[in-house]
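Worksheet: the structure to be examined is printed underneath.
The values are calculated or read from the model by the stated rules, or taken from the named source; none is laboratory data. Computed from a prediction, not measured in an experiment: that's the story for all the values here. FYI the Cβ positions are ideal-geometry reconstructions off the backbone, even for glycines, and counts take in every protein chain you see. For accessibility, only protein heavy atoms count, side chains too; no ligands or nucleic acids. Shrake-Rupley method; radii C 1.70, N 1.55, O 1.52, S 1.80 Å.
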Amino acid sequence: MHRRPLLGALMLAALGTAALSAQAQQATRAFPEKPIRLVIAFPAGGPTDITMRQLAENASKVLGQPVIIDNKPGAGGTLPAQQLQTVQPDGYTLAQIPLGVFRLGYTTKINWDPIKDISYVLNVTGYAFGIVVPADSPFKNWADFVAYAKANPGKLTYGSTGTLTSPHLTTELVAQRAGIQLQHVPYKGSADLTLALMSGQLMAGADSTGWAPYVESGKMRVLNTWGDKRLARFPDAPTLKELGYDIVQNSPFGIGAPRGTPPEVVKKLHDAFKQAMEEPSYLASLAKYDMVPIYMGSADYTRFARETVEREKAVIDKLGLGKPQ
């Protein structure tokens, strides 16, 4: 007596599930049907913002929908990745993933996993970094910088774009190897850092090459750069390796989506941003800041994320900057 109603209920449930699945598949095929938001980890006006806006503009043309930049600076560049944990996995909210995201598990108490809870779309580029001082600084070269720091422990101030960012951690690693103690001052982005440096609030700055125009105009001096080779635009500035530190830092970053984003959507996003990366306009925007494309597809980017999480733990442990147990 009760089997027919039960069978009917099961059939309705199955039909409902099938209908929802068909709707999801249709939505995936039609993606994107509305603007996409790309959350950026640093303020407007800096190298990251300017280059990513060009990339977003190029991707918009491929996708047929606007890719809108949303700046969320602070927390060492990790706010966009954290925001991915609270949105629908439909591909309409994406985030820049700076290297600092891979340090979160060791420095902050979080209830999500930077590897498992992000769908990695692709890596797009990295930074050219260096340490700069105002033109009127008494530090004419890196040796002067180190000599002052040794004679005045903890008194030499330097700024970075945030606590536990690559500029901060790399400078502290260099300082440790040089046997010096510095005073770190974090800022939300390159614009604020540059203003503080130019106004005399800081003695030095560690940042990507947003400082390049100031060096070229004679307002700043670059003491070192952090790539494998010297920067073509600043051939007189030695690399960290040349100064005796076996350190290369270009802090690759890319784009991630929420965990559970359909693979077909991830592929569409990957293909669109990969094509956007190859446009001359994007390459030109990178060149302004001595940046180059660093492409990794979804699988390679996921592998890079996993390996970087393991590698960054060693750096944080060495510097004693891990979260309290």
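Among the residues of the stretch 301-325, those that are open to solvent by 30 Å² or more (accessible area, probe 1.4 Å) and in contact with a strand residue (DSSP E or B) (Cβ under 9 Å, 6 or more places away or on another chain) comprise 302, 303, 304. For the stretch 84-107, a residue qualifies if it is closer than 18 Å to residue 306 by Cα and assigned to a loop (DSSP other than H, G, I, E, B), and exactly one does: 98.
Just checking, does the stretch 172-181 include any residue being touching a Ser or Thr at 6+ places or on another chain (Cβ under 9 Å) and surrounded by 15 or more Cβ atoms within 10 Å (Cβ to Cβ)?
First, the residues of the stretch 172-181 that are touching a Ser or Thr at 6+ places or on another chain (Cβ under 9 Å): none.
No - not one qualifying residue is present in the stretch 172-181.
Looking at (1) of a type in the set (Lys, Arg); (2) under 17 Å from residue 189 (Cα atoms); (3) surrounded by fewer than 16 Cβ atoms within 10 Å (Cβ to Cβ), which is the one condition that is false for residue 109? Looking at each condition in turn, residue 109 falls short on (2).
Among residues of the stretch 246-300 being in contact with a helix residue (DSSP H, G or I) (Cβ under 6 Å, 6 or more places away or on another chain) and of a type in the set (Phe, Trp, Tyr), the one that is most open to solvent (accessible area, probe 1.4 Å) is 289. Scanning the stretch 26-56 for residues that are within 17 Å of residue 270 (Cα to Cα) and at pLDDT below 95 yields 28, 29, 30. Residue 59 falls short on exactly one of the conditions (1) open to solvent by 60 Å² or more (accessible area, probe 1.4 Å); (2) of a type outside the set (Ser, Thr, Tyr); (3) modelled with pLDDT of 95 or more; (4) farther than 23 Å from residue 194 by Cα, and that condition is (1). Counting only residues that are under 16 Å from residue 307 (Cβ atoms) and either of a type in the set (Ser, Thr, Tyr) or part of a loop (DSSP other than H, G, I, E, B) (or both), the stretch 239-256 holds 5 of them. Of the residues that make up the stretch 147-170, is at least one among the charged types (D, E, K, R), farther than 30 Å from residue 50 by Cα and open to solvent by 10 Å² or more (accessible area, probe 1.4 Å)? Yes, because at least one residue in the stretch 147-170 is among the charged types (D, E, K, R), farther than 30 Å from residue 50 by Cα and open to solvent by 10 Å² or more (accessible area, probe 1.4 Å).
Within the stretch 245-270, the set of residues being free of Cβ contacts under 8 Å to residues at least 60 places away in the same chain and more than 17 Å from the chain's Cα centre (by Cα) comprises 246, 263, 267. Here residue 173 qualifies as within 24 Å of residue 311 (Cα to Cα) and touching a residue at least 12 places away in the same chain (Cβ under 8 Å).
Only one of 133, 121 is in the same structural domain as residue 160 (by the TED database), of a type outside the set (Phe, Trp, Tyr) and touching a residue at least 40 places away in the same chain (Cβ under 8 Å); which?
133
Filtered by the rule that a residue be modelled with pLDDT of 95 or more, part of a loop (DSSP other than H, G, I, E, B) and hydroxyl-bearing (Ser, Thr, Tyr), the stretch 115-169 gives a lone residue, 137.
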